[in-house]
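Participant: This is the structure, below, for whatever I ask next.
The values are calculated or read from the model by the stated rules, or taken from the named source; none is laboratory data. Worth saying up front: this structure is predicted, and the values here are computed from it rather than measured. Please note: Cβ atoms are built from the backbone with ideal geometry, for glycine as well, and neighbour counts cover all protein chains shown.
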(Lines give C-alpha, C1' and ligand atoms only; values in the text may rest on other atoms or scores of the structure.)
Protein backbone atom coordinates (compact mmCIF):
# COMPACT_ATOMS: atom_id res chain seq x y z
CA UNK A 1 0.00 0.00 0.00
CA UNK A 2 2.76 2.44 0.95
CA UNK A 3 4.49 1.70 -2.36
CA UNK A 4 1.41 2.79 -4.30
CA UNK A 5 0.97 5.90 -2.15
CA UNK A 6 4.57 6.94 -2.75
CA UNK A 7 4.23 6.37 -6.51
CA UNK A 8 1.02 8.41 -6.43
CA UNK A 9 2.85 11.21 -4.61
CA UNK A 10 5.48 11.34 -7.35
CA UNK A 11 2.79 11.22 -10.04
CA UNK A 12 0.75 14.09 -8.59
CA UNK A 13 3.86 16.12 -7.74
CA UNK A 14 5.08 15.64 -11.30
CA UNK A 15 1.76 16.71 -12.82
CA UNK A 16 1.87 19.96 -10.85
CA UNK A 17 5.16 20.77 -12.57
CA UNK A 18 3.35 20.88 -15.91
CA UNK A 19 1.72 24.06 -14.61
CA UNK A 20 5.11 25.77 -14.90
CA UNK A 21 5.35 24.66 -18.53
CA UNK A 22 1.82 25.86 -19.22
CA UNK A 23 2.51 29.23 -17.56
CA UNK A 24 5.66 29.80 -19.62
CA UNK A 25 3.94 29.09 -22.92
CA UNK A 26 0.60 30.72 -22.08
CA UNK A 27 -1.53 27.60 -22.05
CA UNK A 28 -4.77 28.44 -20.20
CA UNK A 29 -5.51 30.75 -17.30
CA UNK A 30 -3.37 30.03 -14.24
CA UNK A 31 -4.23 32.62 -11.59
CA UNK A 32 -2.50 30.51 -8.91
CA UNK A 33 0.83 31.30 -10.62
CA UNK A 34 1.12 35.07 -10.56
CA UNK A 35 4.87 35.15 -11.24
CA UNK A 36 6.22 35.12 -14.77
CA UNK A 37 8.17 32.09 -16.03
CA UNK A 38 10.41 32.25 -19.08
CA UNK A 39 10.11 29.66 -21.84
CA UNK A 40 13.53 28.06 -21.10
CA UNK A 41 12.51 27.68 -17.45
CA UNK A 42 9.13 26.40 -18.61
CA UNK A 43 10.88 23.61 -20.50
CA UNK A 44 12.75 22.71 -17.31
CA UNK A 45 9.42 22.53 -15.47
CA UNK A 46 8.16 20.16 -18.16
CA UNK A 47 11.32 18.03 -18.05
CA UNK A 48 11.06 17.78 -14.26
CA UNK A 49 7.44 16.65 -14.58
CA UNK A 50 8.43 13.91 -17.03
CA UNK A 51 11.24 12.73 -14.75
CA UNK A 52 8.81 12.41 -11.83
CA UNK A 53 6.34 10.44 -13.97
CA UNK A 54 9.07 8.08 -15.19
CA UNK A 55 10.34 7.68 -11.63
CA UNK A 56 6.84 6.79 -10.38
CA UNK A 57 6.45 4.06 -13.00
CA UNK A 58 9.93 2.63 -12.38
CA UNK A 59 9.31 2.63 -8.63
CA UNK A 60 6.11 0.60 -9.09
CA UNK A 61 8.04 -1.83 -11.28
CA UNK A 62 10.75 -2.11 -8.58
CA UNK A 63 13.49 -0.91 -10.93
CA UNK A 64 16.56 0.75 -9.40
CA UNK A 65 16.48 3.38 -12.13
CA UNK A 66 13.63 5.04 -10.25
CA UNK A 67 16.44 7.07 -8.66
CA UNK A 68 15.95 9.40 -11.63
CA UNK A 69 13.34 10.84 -9.28
CA UNK A 70 16.16 12.22 -7.12
CA UNK A 71 17.43 14.19 -10.13
CA UNK A 72 13.89 15.44 -10.55
CA UNK A 73 13.88 16.54 -6.90
CA UNK A 74 17.01 18.67 -7.40
CA UNK A 75 15.54 20.33 -10.48
CA UNK A 76 12.19 20.73 -8.76
CA UNK A 77 13.61 22.40 -5.67
CA UNK A 78 15.72 24.80 -7.74
CA UNK A 79 12.63 25.79 -9.73
CA UNK A 80 10.52 26.12 -6.57
CA UNK A 81 13.05 28.55 -5.09
CA UNK A 82 12.61 30.76 -8.16
CA UNK A 83 8.84 30.96 -7.60
CA UNK A 84 8.86 30.33 -3.86
CA UNK A 85 5.73 32.34 -3.10
CA UNK A 86 3.60 30.23 -5.47
CA UNK A 87 5.21 26.80 -5.15
CA UNK A 88 6.80 26.55 -1.70
CA UNK A 89 4.56 23.66 -0.57
CA UNK A 90 6.19 21.45 -3.19
CA UNK A 91 9.24 21.38 -0.91
CA UNK A 92 7.40 18.99 1.42
CA UNK A 93 6.89 16.49 -1.39
CA UNK A 94 10.54 16.80 -2.38
CA UNK A 95 11.67 16.10 1.19
CA UNK A 96 9.52 12.95 1.34
CA UNK A 97 10.92 11.73 -1.98
CA UNK A 98 14.50 12.33 -0.79
CA UNK A 99 13.90 10.41 2.45
CA UNK A 100 12.36 7.47 0.63
CA UNK A 101 15.24 7.57 -1.85
CA UNK A 102 17.82 7.35 0.93
CA UNK A 103 16.05 4.38 2.54
CA UNK A 104 15.59 2.69 -0.83
CA UNK A 105 19.29 3.07 -1.58
CA UNK A 106 20.14 1.59 1.83
CA UNK A 107 17.82 -1.35 1.08
CA UNK A 108 19.59 -1.85 -2.23
CA UNK A 109 23.03 -1.88 -0.57
CA UNK A 110 21.81 -4.36 2.05
CA UNK A 111 20.39 -6.60 -0.67
CA UNK A 112 23.63 -6.49 -2.67
CA UNK A 113 25.55 -7.47 0.48
CA UNK A 114 23.33 -10.53 0.92
CA UNK A 115 23.61 -11.34 -2.78
CA UNK A 116 27.42 -11.55 -2.45
CA UNK A 117 27.12 -13.68 0.70
CA UNK A 118 24.74 -16.12 -1.00
CA UNK A 119 27.09 -16.36 -3.99
CA UNK A 120 29.92 -17.13 -1.56
CA UNK A 121 27.78 -19.72 0.22
CA UNK A 122 27.11 -21.56 -3.04
CA UNK A 123 30.72 -21.35 -4.26
CA UNK A 124 31.76 -24.72 -2.81
CA UNK A 125 28.60 -26.52 -3.92
CA UNK A 126 29.52 -29.55 -6.01
CA UNK A 127 26.08 -30.94 -6.75
CA UNK A 128 27.13 -34.40 -7.96
CA UNK A 129 24.08 -36.38 -9.11
CA UNK A 130 23.20 -39.01 -6.51
CA UNK A 131 20.02 -40.94 -5.80
CA UNK A 132 19.03 -41.73 -2.20
CA UNK A 133 18.85 -45.51 -1.85
CA UNK A 134 17.16 -47.55 0.91
CA UNK A 135 20.46 -49.01 2.12
CA UNK A 136 21.77 -45.51 2.83
CA UNK A 137 19.40 -45.06 5.76
CA UNK A 138 19.92 -48.45 7.43
CA UNK A 139 22.44 -47.08 9.98
CA UNK A 140 19.94 -44.51 11.29
CA UNK A 141 17.82 -45.17 14.40
CA UNK A 142 14.52 -46.88 13.43
CA UNK A 143 12.42 -43.81 14.21
CA UNK A 144 14.67 -41.62 12.04
CA UNK A 145 14.51 -44.19 9.23
CA UNK A 146 10.74 -44.02 9.44
CA UNK A 147 10.81 -40.21 9.12
CA UNK A 148 13.18 -40.25 6.14
CA UNK A 149 11.04 -42.85 4.38
CA UNK A 150 7.81 -40.95 5.08
CA UNK A 151 9.34 -37.71 3.76
CA UNK A 152 9.64 -39.32 0.34
CA UNK A 153 13.33 -38.68 -0.31
CA UNK A 154 14.26 -42.33 -0.90
CA UNK A 155 14.53 -42.81 -4.64
CA UNK A 156 14.88 -39.06 -5.15
CA UNK A 157 17.90 -36.87 -5.86
CA UNK A 158 20.33 -36.16 -3.01
CA UNK A 159 19.87 -32.66 -1.61
CA UNK A 160 22.97 -30.50 -2.03
CA UNK A 161 21.32 -27.08 -1.72
CA UNK A 162 17.93 -25.61 -0.94
CA UNK A 163 16.08 -22.33 -1.03
CA UNK A 164 12.78 -21.35 0.53
CA UNK A 165 10.37 -18.52 1.22
CA UNK A 166 8.68 -17.86 4.54
CA UNK A 167 6.14 -15.58 6.12
CA UNK A 168 5.18 -15.22 9.73
CA UNK A 169 5.33 -13.15 12.87
CA UNK A 170 7.69 -12.70 15.80
CA UNK A 171 7.86 -10.87 19.08
CA UNK A 172 10.82 -9.79 21.19
CA UNK A 173 9.31 -10.49 24.63
CA UNK A 174 6.12 -11.99 26.09
CA UNK A 175 2.99 -9.92 25.49
CA UNK A 176 4.85 -7.54 23.14
CA UNK A 177 3.50 -6.58 19.73
CA UNK A 178 3.79 -9.24 17.03
CA UNK A 179 5.85 -8.09 14.02
CA UNK A 180 4.97 -9.64 10.68
CA UNK A 181 7.77 -10.63 8.32
CA UNK A 182 8.62 -12.21 5.01
CA UNK A 183 11.92 -13.98 4.43
CA UNK A 184 13.99 -15.97 1.97
CA UNK A 185 16.58 -18.50 3.03
CA UNK A 186 19.33 -20.40 1.23
CA UNK A 187 20.98 -23.63 2.41
CA UNK A 188 24.00 -25.74 1.57
CA UNK A 189 24.02 -29.26 2.94
CA UNK A 190 27.25 -31.05 1.96
CA UNK A 191 29.12 -28.24 3.73
CA UNK A 192 26.47 -26.95 6.16
CA UNK A 193 25.48 -23.32 5.86
CA UNK A 194 22.55 -20.96 5.41
CA UNK A 195 21.72 -17.33 4.72
CA UNK A 196 18.38 -15.91 5.89
CA UNK A 197 17.18 -12.49 4.76
CA UNK A 198 14.04 -10.87 6.13
CA UNK A 199 12.03 -7.67 6.37
CA UNK A 200 9.94 -7.16 9.52
CA UNK A 201 7.21 -4.56 9.88
CA UNK A 202 7.50 -2.84 13.26
CA UNK A 203 5.09 0.07 12.64
CA UNK A 204 3.42 1.78 9.66
CA UNK A 205 6.27 3.08 7.49
CA UNK A 206 8.97 1.49 9.67
CA UNK A 207 10.62 -1.87 9.24
CA UNK A 208 13.71 -3.87 10.14
CA UNK A 209 15.89 -5.58 7.58
CA UNK A 210 17.70 -8.61 8.90
CA UNK A 211 20.20 -11.22 7.87
CA UNK A 212 21.17 -14.32 9.82
CA UNK A 213 23.87 -16.55 8.38
CA UNK A 214 25.89 -19.68 9.13
CA UNK A 215 28.96 -20.32 6.99
CA UNK A 216 32.27 -22.12 7.63
CA UNK A 217 31.06 -22.93 11.14
CA UNK A 218 30.54 -19.23 12.00
CA UNK A 219 27.25 -17.61 12.86
CA UNK A 220 26.40 -13.94 12.42
CA UNK A 221 23.26 -11.85 12.86
CA UNK A 222 22.71 -8.35 11.45
CA UNK A 223 19.53 -6.28 11.92
CA UNK A 224 19.07 -2.70 10.74
CA UNK A 225 16.26 -0.18 11.08
CA UNK A 226 15.19 0.87 7.55
CA UNK A 227 18.46 -0.72 6.37
CA UNK A 228 20.24 2.35 7.82
CA UNK A 229 20.87 2.04 11.57
CA UNK A 230 22.31 -1.11 13.12
CA UNK A 231 20.08 -2.52 15.85
CA UNK A 232 21.87 -5.87 16.28
CA UNK A 233 25.23 -7.03 14.94
CA UNK A 234 26.71 -10.08 16.58
CA UNK A 235 28.80 -12.94 15.30
CA UNK A 236 31.86 -15.13 15.64
CA UNK A 237 31.44 -15.86 19.35
CA UNK A 238 31.19 -19.38 20.74
CA UNK A 239 27.63 -18.80 21.90
CA UNK A 240 26.55 -17.36 18.55
CA UNK A 241 28.18 -20.21 16.64
CA UNK A 242 26.51 -22.79 18.87
CA UNK A 243 23.12 -21.11 18.56
CA UNK A 244 23.31 -20.82 14.79
CA UNK A 245 24.45 -24.44 14.50
CA UNK A 246 21.38 -25.46 16.52
CA UNK A 247 19.16 -23.44 14.21
CA UNK A 248 20.64 -25.30 11.24
CA UNK A 249 20.10 -28.61 13.01
CA UNK A 250 16.48 -27.78 13.87
CA UNK A 251 15.71 -26.70 10.31
CA UNK A 252 17.15 -29.93 8.93
CA UNK A 253 13.56 -31.25 8.88
CA UNK A 254 13.12 -29.35 5.57
CA UNK A 255 16.01 -31.31 4.03
CA UNK A 256 15.67 -34.95 5.15
CA UNK A 257 18.83 -36.17 3.35
CA UNK A 258 20.81 -33.99 5.76
CA UNK A 259 20.14 -36.73 8.32
CA UNK A 260 22.69 -38.82 6.38
CA UNK A 261 25.47 -36.24 6.46
CA UNK A 262 28.71 -37.30 8.24
CA UNK A 263 28.70 -34.22 10.48
CA UNK A 264 25.55 -35.50 12.23
CA UNK A 265 25.52 -38.45 14.65
CA UNK A 266 22.29 -40.07 15.77
CA UNK A 267 21.43 -41.79 19.06
CA UNK A 268 18.17 -43.60 19.60
CA UNK A 269 16.28 -42.60 22.75
CA UNK A 270 13.01 -44.49 22.34
CA UNK A 271 10.46 -45.35 19.64
CA UNK A 272 9.37 -41.71 19.36
CA UNK A 273 12.59 -39.71 19.77
CA UNK A 274 16.26 -39.58 18.82
CA UNK A 275 19.15 -37.29 19.65
CA UNK A 276 21.13 -35.66 16.85
CA UNK A 277 24.62 -34.31 17.56
CA UNK A 278 26.19 -32.00 15.01
CA UNK A 279 29.92 -31.27 14.98
CA UNK A 280 31.28 -28.77 12.50
CA UNK A 281 33.72 -25.86 12.30
CA UNK A 282 34.96 -26.27 15.86
CA UNK A 283 31.46 -26.18 17.38
CA UNK A 284 29.32 -29.00 18.67
CA UNK A 285 25.69 -29.07 19.73
CA UNK A 286 22.93 -31.60 20.21
CA UNK A 287 19.17 -31.65 20.23
CA UNK A 288 16.32 -34.15 20.40
CA UNK A 289 13.88 -34.78 17.56
CA UNK A 290 10.41 -36.02 18.50
CA UNK A 291 8.20 -38.03 16.14
CA UNK A 292 4.62 -39.27 16.04
CA UNK A 293 3.35 -42.76 15.24
CA UNK A 294 3.28 -42.01 11.50
CA UNK A 295 6.92 -40.93 11.49
CA UNK A 296 6.46 -37.17 11.14
CA UNK A 297 8.70 -34.80 13.09
CA UNK A 298 6.59 -33.14 15.77
CA UNK A 299 9.26 -31.15 17.63
CA UNK A 300 12.94 -30.40 18.10
CA UNK A 301 14.34 -29.45 21.50
CA UNK A 302 17.79 -28.29 22.63
CA UNK A 303 19.56 -26.12 25.17
CA UNK A 304 20.45 -22.82 23.49
CA UNK A 305 21.84 -19.49 24.60
CA UNK A 306 19.41 -16.59 24.51
CA UNK A 307 19.39 -12.93 25.53
CA UNK A 308 16.95 -12.32 28.37
CA UNK A 309 16.82 -8.88 29.96
CA UNK A 310 20.28 -8.10 28.62
CA UNK A 311 21.87 -11.30 29.96
CA UNK A 312 22.83 -14.44 28.03
CA UNK A 313 21.66 -17.69 29.59
CA UNK A 314 21.33 -21.29 28.49
CA UNK A 315 17.65 -22.17 28.19
CA UNK A 316 15.48 -24.87 26.63
CA UNK A 317 14.60 -23.94 23.03
CA UNK A 318 11.85 -25.82 21.22
CA UNK A 319 10.50 -25.94 17.65
CA UNK A 320 7.01 -27.40 17.28
CA UNK A 321 5.39 -28.56 14.02
CA UNK A 322 1.85 -27.29 13.37
CA UNK A 323 1.26 -28.51 9.80
CA UNK A 324 2.84 -30.47 6.96
CA UNK A 325 2.93 -29.84 3.22
CA UNK A 326 4.44 -31.53 0.16
CA UNK A 327 6.95 -29.45 -1.82
CA UNK A 328 8.45 -30.99 -4.97
CA UNK A 329 7.12 -34.40 -3.85
CA UNK A 330 8.91 -34.13 -0.45
CA UNK A 331 6.80 -34.04 2.73
CA UNK A 332 8.10 -31.47 5.24
CA UNK A 333 6.82 -29.35 8.14
CA UNK A 334 5.25 -26.20 6.67
CA UNK A 335 4.03 -24.38 9.78
CA UNK A 336 6.21 -24.08 12.86
CA UNK A 337 6.21 -22.34 16.22
CA UNK A 338 9.42 -21.62 18.12
CA UNK A 339 9.44 -21.05 21.86
CA UNK A 340 11.66 -20.70 24.90
CA UNK A 341 10.68 -22.90 27.81
CA UNK A 342 11.63 -20.61 30.68
CA UNK A 343 11.22 -20.95 34.43
CA UNK A 344 8.62 -18.18 34.20
CA UNK A 345 6.68 -20.10 31.57
CA UNK A 346 6.71 -20.80 27.84
CA UNK A 347 7.51 -17.86 25.58
CA UNK A 348 6.44 -18.43 21.96
CA UNK A 349 8.37 -15.84 19.99
CA UNK A 350 8.17 -17.04 16.39
CA UNK A 351 5.42 -18.38 14.13
CA UNK A 352 6.32 -19.12 10.52
CA UNK A 353 4.95 -20.75 7.40
CA UNK A 354 6.82 -22.03 4.37
CA UNK A 355 5.35 -20.70 1.14
CA UNK A 356 7.92 -22.23 -1.22
CA UNK A 357 10.72 -24.79 -1.00
CA UNK A 358 13.08 -25.85 -3.80
CA UNK A 359 16.04 -28.20 -3.91
CA UNK A 360 19.37 -28.15 -5.78
CA UNK A 361 18.99 -24.68 -7.26
CA UNK A 362 22.19 -22.86 -6.27
CA UNK A 363 21.06 -19.30 -7.01
CA UNK A 364 18.92 -16.57 -5.50
CA UNK A 365 15.24 -16.17 -6.10
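Participant: Within the range 252-283, how many residues are out of contact with any strand residue (DSSP E or B) (no Cβ under 8 Å at 6 or more places or on another chain), outside any loop (DSSP other than H, G, I, E, B) and over 17 Å from residue 191 (Cβ atoms)? Can you show your working first?
Facilitator: Filtering the range 252-283 for residues out of contact with any strand residue (DSSP E or B) (no Cβ under 8 Å at 6 or more places or on another chain) gives 257, 260-262, 270-271, 280, 282-283.
From what's left, outside any loop (DSSP other than H, G, I, E, B): 257, 260, 270, 280, 283.
Next, from what is left, pick out any that are over 17 Å from residue 191 (Cβ atoms): 270.
Here the count works out to 1.
Participant: Okay, next question. Is it true that some residue in the range 108-131 is in contact with a helix residue (DSSP H, G or I) (Cβ under 6 Å, 6 or more places away or on another chain) and within 21 Å of residue 278 (Cβ to Cβ)?
Facilitator: Among the residues of the range 108-131, not one is in contact with a helix residue (DSSP H, G or I) (Cβ under 6 Å, 6 or more places away or on another chain) and within 21 Å of residue 278 (Cβ to Cβ), which makes the answer no.
Participant: Filter the range 317-337 down to residues that are more than 20 Å from residue 161 (Cβ to Cβ) and touching a residue at least 60 places away in the same chain (Cβ under 8 Å), then give me how many there are.
Facilitator: The total comes to 3.
Participant: Test of understanding: among 222, 246, which residue is in a helix (DSSP H, G or I) and either assigned by TED's automatic domain parsing to the domain that holds residue 349 or under 25 Å from residue 334 (Cβ atoms) (or both)? Steps first, answer last, please.
Facilitator: On the way: 222 fails: in a helix (DSSP H, G or I).
On inspection, the qualifying residue turns out to be 246.
Participant: Among the residues of the range 64-85, is there at least one that is in a loop (DSSP other than H, G, I, E, B) and free of Cβ contacts under 8 Å to residues at least 40 places away in the same chain? Reasoning before the result, please.
Facilitator: Initial filter on the range 64-85 (in a loop (DSSP other than H, G, I, E, B)): 83.
Narrowing the set further to residues that are free of Cβ contacts under 8 Å to residues at least 40 places away in the same chain leaves none.
No - not one qualifying residue is present in the range 64-85.
Participant: Still on this structure: Among the listed residues 145, 218, which satisfies the condition of being more than 29 Å from residue 115 (Cβ to Cβ) and either buried (at least 16 other Cβ atoms within 10 Å of the Cβ) or within 12 Å of the chain's Cα centre (by Cα) (or both)? Reasoning before the result, please.
Facilitator: Values: 218 fails: more than 29 Å from residue 115 (Cβ to Cβ).
On inspection, the qualifying residue turns out to be 145.
Participant: Would you check if residue 323 is at pLDDT below 95 and either assigned by TED's automatic domain parsing to the domain that holds residue 145 or within 20 Å of residue 235 (Cβ to Cβ) (or both)? Outline the logic, then answer.
Facilitator: Details: at pLDDT below 95: no; either assigned by TED's automatic domain parsing to the domain that holds residue 145 or within 20 Å of residue 235 (Cβ to Cβ) (or both): yes.
Spelling it out, it is not the case that residue 323 is at pLDDT below 95 and either assigned by TED's automatic domain parsing to the domain that holds residue 145 or within 20 Å of residue 235 (Cβ to Cβ) (or both).
Participant: Here is a follow-up. Kindly list the number of the only condition in (1) touching a helix residue (DSSP H, G or I) at 6+ places or on another chain (Cβ under 6 Å); (2) assigned to a helix (DSSP H, G or I); (3) crowded, with 16+ Cβ neighbours inside 10 Å that fails for residue 19.
Facilitator: (1)
Participant: Which of (1) under 30 Å from residue 159 (Cβ atoms); (2) surrounded by 12 or more Cβ atoms within 10 Å (Cβ to Cβ); (3) modelled with pLDDT under 95 does residue 66 not meet, given it meets every other one?
Facilitator: Just one mismatch for residue 66, condition (1).
Participant: Looking only at residues that are touching a residue at least 60 places away in the same chain (Cβ under 8 Å) and in a strand (DSSP E or B) in the range 206-219, which one is nearest to residue 260 (Cα to Cα)?
Facilitator: Result: 215.
Participant: Another question, then. Quick check: is even one residue across the range 110-123 surrounded by 15 or more Cβ atoms within 10 Å (Cβ to Cβ), modelled with pLDDT of 95 or more, closer than 18 Å to residue 331 by Cβ and in contact with a strand residue (DSSP E or B) (Cβ under 6 Å, 6 or more places away or on another chain)?
Facilitator: no
Participant: I'd like the residue in the range 280-294 that is modelled with pLDDT under 95 and touching a helix residue (DSSP H, G or I) at 6+ places or on another chain (Cβ under 6 Å) and, out of all such residues, is nearest to residue 332 (Cα to Cα).
Facilitator: Once the filter is applied, the top-ranked residue is 285.
Participant: Yes or no: residue 4 surrounded by fewer than 17 Cβ atoms within 10 Å (Cβ to Cβ), modelled with pLDDT of 80 or more and more than 43 Å from the chain's Cα centre (by Cα)? I'd like the intermediate steps shown before the answer.
Facilitator: Values: surrounded by fewer than 17 Cβ atoms within 10 Å (Cβ to Cβ): yes; modelled with pLDDT of 80 or more: yes; more than 43 Å from the chain's Cα centre (by Cα): no.
No: the conditions fail for residue 4.
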